[in-house]
Amino acid sequence: MAMRYISTRGSAPALDFEGATLTGLASDGGLYVPESWPQLAPDDIADLAGLSYAETAVRILAPFVAGSLGESELRSLCETAYGGFHHQAVTPLVQLDSRNWLLELFHGPTLAFKDVALQLLGQLFERFLTGKDTHLTVIGATSGDTGSAAIEAVAGRDKVDIFMLHPQGRVSDVQRCQMTTVLAPNVHNIAIEGDFDAGQAMVKAMFGDSDFAGRFRLSAVNSINWARIAAQIVYYAYAAVRLGAPGRRIAFSVPTGNFGDVFAGYAAAQMGLPVEQLIVATNVNDILHRALSTGDYSVGTLTPTAAPSMDIQVSSNFERLLFDIYDRDGGAMAQAMQGFESSRKMVLDDNARSKISGLFSSKRIDPDTMALTMRRTAEHCGEIVDPHTAIGLAAAHDSDLPTDVPIVTLATAHPAKFRDAVERATGTRPHLPTHLASLFDREERYDVLPADIEEVKAYIAERATPA
Ligand SMILES: *Cc1c(COP(=O)(O)O)cnc(C)c1O
């Protein structure tokens, strides 16, 4: 049976998987979610034991893509997407002590977990656009990790152009070179003379300009895109069966920014995987911790940290959780989100909070605890972890779950991606893996533009292919 996707704000048309993948944001401003959660029986979960990562992906994703892709097509896309990872297990589990595990999600081309979803999304774009008389223009603003993962996913593809805005001088050298040394003709890097918010605001304005958005068929690759969330459900299942599911319950600690990764864990639980708890780990930019612990979902001021991919104020994917919490009432959600967008705050009532606290807990980790966790993990377990992962681990160590529940912390970035912060905390400077060892010797290509929407639009219009 074909899976349909509905908007969290109730009035955009329902779409199939292909439509939801190519669209990104729903036309009513909401996010697409599956009309119902596919169910895995205990036997289905037991059958995942021993399967490869790609084959696990086929089993988990099949119900989500039904109606848009057949099983053998899905299999070939998954095999291609995950064949390029630099570890045979794709997302290996590493044991730290009797109950703590790391799930290493950084063995893709750009060293962050975003590759797991974006490598598949690149394949899906190609599959859904081939043979059609249309062309897609991906635009995005990045503070680092999303940009390179998205560029790697679509570089060299026929029917897609990508324009990625990064704040000039405010991304790390590794992050910049991972974007700007990709010289495929469909990749356009723009360094904006401004901060990340300036880039983000221009991207939003371009999506809001329906003439411009329609002319170039603008598409999003950030985690508002449902296909990204779906792809991330797979590794929760992959890890859980290796640690004893369906017979044993597992907790996950998730370094969280935009709530995409941890929402995939929620989806895994809704599908029947035995998830004991999802620990939402935040840094000092703690809107989610405040929302989950006290109901105060209000936007504060952004503090830059050594875990920049978690430096966010508004977590787009939280809307997907609220939609379920508010019994999937799109009208009520539209009203609540409009209120939030104008006042920058929302209060979660006791009923909503008690529904959330059944599955979620949260922790706010300060910079000292983060650094200490990096150092202790190196000393006691011989593992060098990146700042984002350290925040997840610190939250796991603080957990009050019974000691027989294994806790899997998602290792979201390779330590070499944030080597200055890692060196400061541990005294060890992590090396880039061999496939990136020559990164700084490669030719870079990018243009610098002022933070001026008209100039950026003119730049894109000159280079993009109309739909
Ligand atoms: C994007 C990112 C996160 C946050 O993930 P969300 O899905 O936005 O919550 C955490 N760690 C790293 C390294 C990231 O790149």
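Brief remarks on what is shown
- With respect to (1) out of contact with any helix residue (DSSP H, G or I) (no Cβ under 7 Å at 6 or more places or on another chain); (2) part of a loop (DSSP other than H, G, I, E, B); (3) not polar (S, T, N, Q), the lone exception for PRO63 is condition (2).
- Filter pass, ASP261 being acidic (Asp, Glu) and either within 16 Å of the ligand (Cβ to nearest atom) or at positive phi (or both): yes
- Qualifying residue in the stretch 416-426 (condition: more than 15 Å from the ligand (Cβ to nearest atom), in a loop (DSSP other than H, G, I, E, B) and more than 21 Å from PHE259 (Cβ to Cβ)): no
- Of the set (1) surrounded by fewer than 19 Cβ atoms within 10 Å (Cβ to Cβ); (2) on the phi < 0 side of the Ramachandran plot, all apply to GLY244 but (2).
- Qualifying residue in the stretch 114-137 (condition: under 18 Å from the mean Cα position of the chain (by Cα), away from the ligand (no atom under 16 Å from the Cβ), of a type in the set (A, V, I, L, M, F, W, C) and assigned to a strand (DSSP E or B)): no
- In the stretch 189-240, of all residues being of a type in the set (S, T, N, Q) and surrounded by 20 or more Cβ atoms within 10 Å (Cβ to Cβ), the one that is nearest to PRO34 (Cα to Cα) corresponds to ASN225.
- Some residue of the stretch 388-405 being modelled with pLDDT of 95 or more, farther than 19 Å from ASP97 by Cα and within 15 Å of the ligand (Cβ to nearest atom): yes
- Among (1) within 16 Å of the ligand (Cβ to nearest atom); (2) over 18 Å from the mean Cα position of the chain (by Cα) - the single one VAL160 does not satisfy: (1)
- Single residue of the stretch 154-193 satisfying the filter (of a type in the set (Gly, Ala, Ser) and without any contact (Cβ under 8 Å) to a residue 60 or more places away in the chain) that is farthest from ASP447 (Cα to Cα): GLY156
- Number of positions in the stretch 138-155 that are within 16 Å of the chain's Cα centre (by Cα), more than 11 Å from the ligand (Cβ to nearest atom) and of a type in the set (Gly, Ala, Ser): 4
- Pairs linking a residue in the stretch 446-467 that is part of a loop (DSSP other than H, G, I, E, B) to a residue that is of a type in the set (D, E, K, R), with Cβ atoms under 6 Å and 6 or more positions apart or on different chains, are ALA451/GLU193; ALA464/ASP161; PRO466/ARG215; ALA467/ARG217.
- Qualifying positions in the stretch 4-42 - closer than 30 Å to GLY247 by Cβ and over 22 Å from the mean Cα position of the chain (by Cα): GLN39, LEU40, ALA41, PRO42
Residue by residue, here is whether (1) within 13 Å of the ligand (Cβ to nearest atom); (2) under 24 Å from ALA117 (Cα atoms); (3) among the basic types (Lys, Arg) holds:
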position	(1), (2), (3)
HIS166	no, yes, no
ASN189	no, yes, no
ILE192	no, no, no
ARG217	no, yes, yes
ILE224	yes, yes, no
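- Count of residues meeting criterion [in a loop (DSSP other than H, G, I, E, B), surrounded by 23 or more Cβ atoms within 10 Å (Cβ to Cβ) and of a type in the set (A, V, I, L, M)] in the stretch 96-113: 2
- Of all residues making up the stretch 162-210, the number that are part of a loop (DSSP other than H, G, I, E, B), at pLDDT 95 or above and either touching a Leu at 6+ places or on another chain (Cβ under 9 Å) or basic (Lys, Arg) (or both): 1
- Test result for ALA89, in contact with a Gly (Cβ under 8 Å, 6 or more places away or on another chain) and either within 16 Å of the ligand (Cβ to nearest atom) or over 28 Å from GLY214 (Cβ atoms) (or both): no
The values are calculated or read from the model by the stated rules, or taken from the named source; none is laboratory data. These numbers come from a predicted model, not from an experiment. Positions of Cβ are generated from backbone atoms using ideal geometry, with glycine treated the same way; all protein chains shown enter the neighbour counts.
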